[in-house]
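Report on the structure given below.
Bear in mind that the values in this text are calculations on the coordinates, not laboratory data. What you see is a predicted model, and the numbers here were worked out from it, not measured in a lab. Cβ: placed from backbone, ideal geometry, glycine included. Neighbour counts: every protein chain shown.
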Amino acid sequence: MSTIATMTADELAHAGLRLSVDGVVATITLDRPAVRNAQVPRLWAGMARILRELGDDVRVVVVRGAGGTFSAGLDLSLLDPAQAEEEGNFIATLASSDQEIIDQIAIYQEPFALLSDPRFITVAVVEGHAIGAGFQLALCCDLRIVADDARFCMKEPALGLVPDLVGTKPLVAAVGYARALEICASARVVSGAEAGEIGLAQVVAPAAELDGALAAMVEALTAHPHGAVSATKALLQDAPARSLDDQRLAERTAQVKRFRALAGR
């Protein structure tokens, strides 16, 4: 499979995205700086396509935002009854059945879920704001490098909504149920510094040092055999849902595959 996604420059621009691939590292940049990288369905569709089409040689996928901010969340034009003609306007969908709306949201969730693919490790580089859908996008990445003055907020409950872009499970995994509930129910701001303290971020640094921190992390993540890292990621992902005996079996099974791979069998 080709490393480079087949999307044209015009398609990427329409989606509000940029894509670059440097060796084994692919960088997806949300590129709608005029609206602080607010998200719309065409952006989600573009991300899903990129993630599906990346080649197996890509080991790290970096997600970041243009213009000094990660993402202000959902483009609020999608919730505006006066803009019902806007592509993906949620008010306009209310004429559909509940099941049709559920099925449509499942499509919107796809790129968020694809970020957990064991083929690669995903890293969110967060500066500025990560609000609502932006917070969830960062949460769906495996690891987060965060500016110390970044601002996270799960805004959906304040808007009368629930987080529905795959962010609830990784939030609980990162900070525990009680802290996750407090963050969501209050819709309060979590600073980058606090994100490091409570386990949301693996690295916290001044904004000017984020690129250096990313380079160091990428070097560490790609230092060891790709197959071993991918298999380990899959084991860790599934561990919470397995019994100890089932996890032991999964480890043994994965190890046999690694032995055979190393032996060329």
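Take the alpha carbon gyration tensor of segment 116-206, find the square roots of its eigenvalues, order them as a ≥ b ≥ c, and report rounded if a/c is under 1.5; if not, report prolate when a/b exceeds b/c, else oblate.
Oblate shape, in that a/c is at least 1.5 and b/c is the bigger or equal ratio.
Quick check on the exposure proxy: order Asp211, Asp245 from fewest to most C-beta atoms within 10 angstrom.
Asp245, Asp211
Just rank Lys169, Lys155, fewest to most, by other beta-carbon atoms within 10 angstrom.
By the 10 Å Cβ count, ascending: Lys169, Lys155.
For the pair Leu262 and Gln104, how long in nm is the line joining their label points, each one 7 Å along Cα→Cβ?
5.2 nm
With a point put 7 Å past each Cα toward its Cβ, work out how far Ala250 is from Gln83 in nm, to one decimal.
4.1 nm
I want to check the label-to-label distance for Gln202 and Ser186. Put each point 7 Å from Cα in the C-beta direction and report it in nm to one decimal.
Distance between label points: 2.7 nm.
Pull out a ≥ b ≥ c, the square roots of the eigenvalues of the alpha-carbon gyration tensor of segment 224-265, then state rounded if a/c is under 1.5, prolate if not and a/b is larger than b/c, and oblate in the remaining case.
In terms of gyration-tensor shape, oblate.
Over the chain, what is the relative contact order in whole percent, taking alpha-carbon pairs under 8 Å and six or more residues apart?
15 percent
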